[in-house]
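Chemist: Following this message is one structure expressed as structure tokens.
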Amino acid sequence: MTIQPVAVKVTHIDKWFGENSNKTYAVRDTSFIANKGEILFIVGPSGSGKTTLLSIISGILRPDNGKVLIDGEDIWTLNEDQLAEFRLNKIGFVFQDYHLFPRLSTLENVAIPLILKHLPWDTALTEARQYLDIVGLANKEHLPPRQLSGGEQQRVAIARAIVSQPDLLILDEPTASLDGETGKKIVGFIKEKILTHQRAIIIVTHDARIVDYADKIMHMEDGKNIGIEKVEHAQ
């Protein structure tokens with residue numbers, strides 16, 4: 001039996017808003033592990049804490065208690081500059097509404113993380129072009145996002161998220177704006193082309209149509225991890 005290395009270890013995370021009698025827990029005493037080479041889905045009803053937990057894992061929202069270790073690094077012990085550098089190099093994030101820049105070309109959108117890493121413009125575009133090719137959009141590099149379909153915009157966002165070769169890829173409701181067939185194609189593409197033995201993928205979703213693509217599914221209710229199930233795939 002192969003033991004897969006741990007990519008993310010979340011331990012006893014709490015996040016609340018308000019104080020005293022007005023304190024409301026968004027995430028309560030939640031722990032889990034995500035392994036490299038696996039896709040972990042986080043599912044649960046609206047208001048169950050999924051998005052808050054995602055923000056904590058990705059280094060956007062500081063927890064009130066607990067630890068988040070990514071590749072063994074406790075990210076919430078880092079200072080602001082160190083955390084920003086860590087996110088840029090180690091974490092790729094695909095937002096629900098893509099967050100593409102409308103005045104930039106598809107290619108320029110993908111190149112943004114490389115520009116932030118101070119690569120020369122021409123070098124950044126050359127590398128970005130390779131990742132557009134990976135997601136099958138090399139022939140649309142000069143188009144602005146508005147001229148792409150929803151599925152194509154999603155693939156551009158994925159290319160931008162992986163251009164820095166992150167160890168952790170996080171997707172927030174990746175099929176929410178897509179029809180069922182396109183959504184399945186996107187998640188199938190992620191599993192086939194983006195998942196590697198050195199990368200973990202965490203997907204938050206309400207979409208029951210795509211859960212078969214998961215390796216593990218974590219269920220949340222009332223801010224808590226109420227159980228993780230392993231998905232058995234046909235060989």
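The values are calculated or read from the model by the stated rules, or taken from the named source; none is laboratory data. It should be emphasised that the depicted structure is a prediction, and the values quoted were computed from it without experimental measurement. Please note: Cβ atoms are built from the backbone with ideal geometry, for glycine as well, and neighbour counts cover all protein chains shown. Ligands, DNA and RNA are stripped out before the accessible areas are found, and what is left, the full protein with its side chains, is counted by its heavy atoms. Shrake-Rupley method; radii C 1.70, N 1.55, O 1.52, S 1.80 Å.
Chemist: Considering each of I42, I115, I33 in turn, give the residue that is part of a helix (DSSP H, G or I) and of a type in the set (V, I, T). Don't jump to the end; show me each part of the working.
Modeler: Details: I42 fails: part of a helix (DSSP H, G or I); I33 fails: part of a helix (DSSP H, G or I).
Residue meeting the stated conditions: I115.
Chemist: Looking at this structure, is E127 at pLDDT 90 or above, part of a strand (DSSP E or B), open to solvent by 20 Å² or more (accessible area, probe 1.4 Å) and of a type outside the set (K, R)? Walk me through how you get there before you give the answer.
Modeler: On the way: at pLDDT 90 or above: yes; part of a strand (DSSP E or B): no; open to solvent by 20 Å² or more (accessible area, probe 1.4 Å): yes; of a type outside the set (K, R): yes.
Criteria not met by E127.
Chemist: Considering every residue within the range 95-111, establish whether at least one is surrounded by 15 or more Cβ atoms within 10 Å (Cβ to Cβ), among the hydrophobic types (A, V, I, L, M, F, W, C), modelled with pLDDT under 95 and more than 22 Å from M218 (Cα to Cα). First the steps, then the outcome.
Modeler: Filtering the range 95-111 down to residues surrounded by 15 or more Cβ atoms within 10 Å (Cβ to Cβ) leaves 96, 98, 100, 105-111.
From what's left, among the hydrophobic types (A, V, I, L, M, F, W, C): 100, 107, 110-111.
Subset that is modelled with pLDDT under 95: 100.
Pick out the ones that are also more than 22 Å from M218 (Cα to Cα) and you get 100.
There is at least one residue in the range 95-111 that is surrounded by 15 or more Cβ atoms within 10 Å (Cβ to Cβ), among the hydrophobic types (A, V, I, L, M, F, W, C), modelled with pLDDT under 95 and more than 22 Å from M218 (Cα to Cα).
Chemist: Between a residue in the range 216-234 that is within 15 Å of I203 (Cβ to Cβ) and any residue that is of a type in the set (A, V, I, L, M) and open to solvent by 40 Å² or more (accessible area, probe 1.4 Å), which pairs come within a Cβ distance under 6 Å, given they are 6 or more apart or on different chains?
Modeler: Filtered contacts from the range 216-234: K216/I228; M218/I228; H219/I226.
Chemist: On to the next question. From the list L125, L88, L61, L78, which one is touching a strand residue (DSSP E or B) at 6+ places or on another chain (Cβ under 8 Å) and aliphatic (A, V, I, L, M)?
Modeler: Numbers: L125 fails: touching a strand residue (DSSP E or B) at 6+ places or on another chain (Cβ under 8 Å); L88 fails: touching a strand residue (DSSP E or B) at 6+ places or on another chain (Cβ under 8 Å); L78 fails: touching a strand residue (DSSP E or B) at 6+ places or on another chain (Cβ under 8 Å).
Answer to the check: L61.
Chemist: Among the strands (runs of 3 or more DSSP E) contained in the range 149-235, which hold 3 or more residues that are crowded, with 21+ Cβ neighbours inside 10 Å?
Modeler: On the way: elements: 168-172, 200-204, 216-221, 224-230.
Correct list: 168-172, 200-204.
Chemist: Under 8 Å by Cβ, and 6 or more places apart or on different chains, what pairs join a residue from the range 127-139 that is at negative phi with one that is open to solvent by 70 Å² or more (accessible area, probe 1.4 Å)?
Modeler: I134/K193; V135/K193; A138/R129
Chemist: Return the total of residues in the range 6-44 being open to solvent by 70 Å² or more (accessible area, probe 1.4 Å), of a type outside the set (A, V, I, L, M, F, W, C) and either out of contact with any Leu (no Cβ under 8 Å at 6 or more places or on another chain) or modelled with pLDDT under 95 (or both).
Modeler: 10
Chemist: Checking P63 against (1) modelled with pLDDT of 95 or more; (2) in a strand (DSSP E or B), which test does it fail?
Modeler: (2)
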